[in-house]
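Novice: There's a structure below that I have some questions on.
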Amino acid sequence: QVQLEESGGGLVRAGDSLRLSCAASGRTFSGNNMGWFRQAPGKEREFVGTISSSGVTAIYADSVRGRFIISKDNAKNTVNLQMNSLKPEDTAVYYCAAGGGAIISVQRGLVDSWGKGTLVIVSS
């Protein structure tokens, strides 16, 4: 029953950095693996990255590996997405997700909770 709320989206220029945050409520956060997904205009939702409940293991989509970093703080009930070297193709609504299964399950979208999303627009 984790509830999620993203923040930090906005309008930036190509090459800029942006940090998204996801605040969680509920008593199952620490045991959940967390993920970030995004949906661009006219396209389906796609996987961005996931991090284990302990915060020691992470998986990234090829399109963002080396540019984006996921971090998690169980004590503060937050998960973050640091986005560097942003490109126009990164423009999308970014969603936070939580799941009790393995991180590979989260990667596949098998999650229990979704946030409402935060919009990121990267101009040329």
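The values are calculated or read from the model by the stated rules, or taken from the named source; none is laboratory data. Only a predicted model underlies this, so the values are computations on that prediction, with no experimental measurement involved. Cβ placement follows ideal geometry from the backbone for every residue including glycine, while neighbour counts extend to all protein chains displayed. Heads up: the accessible areas ignore ligands, DNA and RNA and are worked out on the full protein's heavy atoms, side chains in. Shrake-Rupley method; radii C 1.70, N 1.55, O 1.52, S 1.80 Å.
Novice: For the stretch 64-80, give me each residue that is hydroxyl-bearing (Ser, Thr, Tyr) and closer than 11 Å to Cys96 by Cβ. Walk me through how you get there before you give the answer.
Specialist: Taking the stretch 64-80 first, the residues hydroxyl-bearing (Ser, Thr, Tyr) are 71, 78.
Scanning the stretch 64-80 gives a single hit, Thr78.
Novice: Does any residue in the stretch 95-112 that is of a type in the set (Gly, Ala, Ser) come within less than 9 Å, Cβ to Cβ, of a residue that is assigned to a helix (DSSP H, G or I) six or more places away or on a different chain, and which pairs are these?
Specialist: Hits for this filter: Ala97/Val106; Ala98/Phe29; Ala98/Val106; Gly99/Ser105; Gly99/Val106; Gly100/Gly31.
Novice: A further question on this structure: Under 8 Å between Cβ atoms, at least 6 apart or on separate chains: pull out the pairs that start in the stretch 74-89 with a residue that is at positive phi and end on any residue that is open to solvent by 20 Å² or more (accessible area, probe 1.4 Å) and not small (Gly, Ala, Ser).
Specialist: Ser85/Arg67
Novice: Only residues that are out of contact with any Lys or Arg (no Cβ under 8 Å at 6 or more places or on another chain) and over 17 Å from Gly99 (Cβ atoms): list them for the stretch 30-55, please.
Specialist: Residues satisfying the conditions are Ala40, Pro41, Gly42, Lys43, Glu44.
Novice: Within the stretch 9-39, which residues are open to solvent by 20 Å² or more (accessible area, probe 1.4 Å) and assigned to a loop (DSSP other than H, G, I, E, B)?
Specialist: Gly9, Ala14, Gly15, Asp16, Ser17, Gly26, Arg27, Thr28
Novice: Check Val93, Val48, Val120, Val56 and return the single one that is within 15 Å of the chain's Cα centre (by Cα), over 16 Å from Arg19 (Cβ atoms) and aliphatic (A, V, I, L, M). So that I can check it myself, show each step before the final result.
Specialist: On the way: Val48 fails: over 16 Å from Arg19 (Cβ atoms); Val120 fails: over 16 Å from Arg19 (Cβ atoms); Val56 fails: within 15 Å of the chain's Cα centre (by Cα).
Result of the check over Val93, Val48, Val120, Val56: Val93.
Novice: Now, a different point. Check Lys72, Lys43, Lys87 and return the single one that is modelled with pLDDT under 95 and basic (Lys, Arg). Outline the logic, then answer.
Specialist: Details: Lys43 fails: modelled with pLDDT under 95; Lys87 fails: modelled with pLDDT under 95.
Answer to the check: Lys72.
Novice: So which pairs qualify, if the first residue must be in the stretch 1-15 and of a type in the set (S, T, N, Q), the second must be exposed (fewer than 13 other Cβ atoms within 10 Å of the Cβ) and not in a strand (DSSP E or B), the Cβ gap must be under 8 Å, and the two must be at least 6 apart or on different chains?
Specialist: Gln1/Arg27
Matching residues to (1) touching a Gly at 6+ places or on another chain (Cβ under 7 Å); (2) more than 19 Å from Ala14 (Cβ to Cβ):
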residue	(1), (2)
Ser30	no, yes
Arg38	no, no
Val56	no, yes
Ile59	yes, yes
Ser85	yes, no
Pro88	no, no
Ala98	no, yes
Asp112	yes, yes
Leu119	yes, no
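Novice: Can I ask one more? Filtering the stretch 106-119 down to residues that are of a type in the set (S, T, N, Q) and either open to solvent by less than 30 Å² (accessible area, probe 1.4 Å) or part of a loop (DSSP other than H, G, I, E, B) (or both), which residue is nearest to Thr57 (Cα to Cα)? Reasoning before the result, please.
Specialist: Here is the first cut: in the stretch 106-119, the ones of a type in the set (S, T, N, Q) are 107, 113, 118.
Applying the additional criterion that residues be either open to solvent by less than 30 Å² (accessible area, probe 1.4 Å) or part of a loop (DSSP other than H, G, I, E, B) (or both) yields 113, 118.
Values: Ser113: 20, Thr118: 24 Å.
Among residues in the stretch 106-119 that are of a type in the set (S, T, N, Q) and either open to solvent by less than 30 Å² (accessible area, probe 1.4 Å) or part of a loop (DSSP other than H, G, I, E, B) (or both), the one nearest to Thr57 (Cα to Cα) is Ser113.
Novice: Return yes or no: is Val48 out of contact with any Pro (no Cβ under 9 Å at 6 or more places or on another chain), assigned to a strand (DSSP E or B) and open to solvent by less than 60 Å² (accessible area, probe 1.4 Å)?
Specialist: On the way: out of contact with any Pro (no Cβ under 9 Å at 6 or more places or on another chain): yes; assigned to a strand (DSSP E or B): yes; open to solvent by less than 60 Å² (accessible area, probe 1.4 Å): yes.
The answer is yes for Val48.
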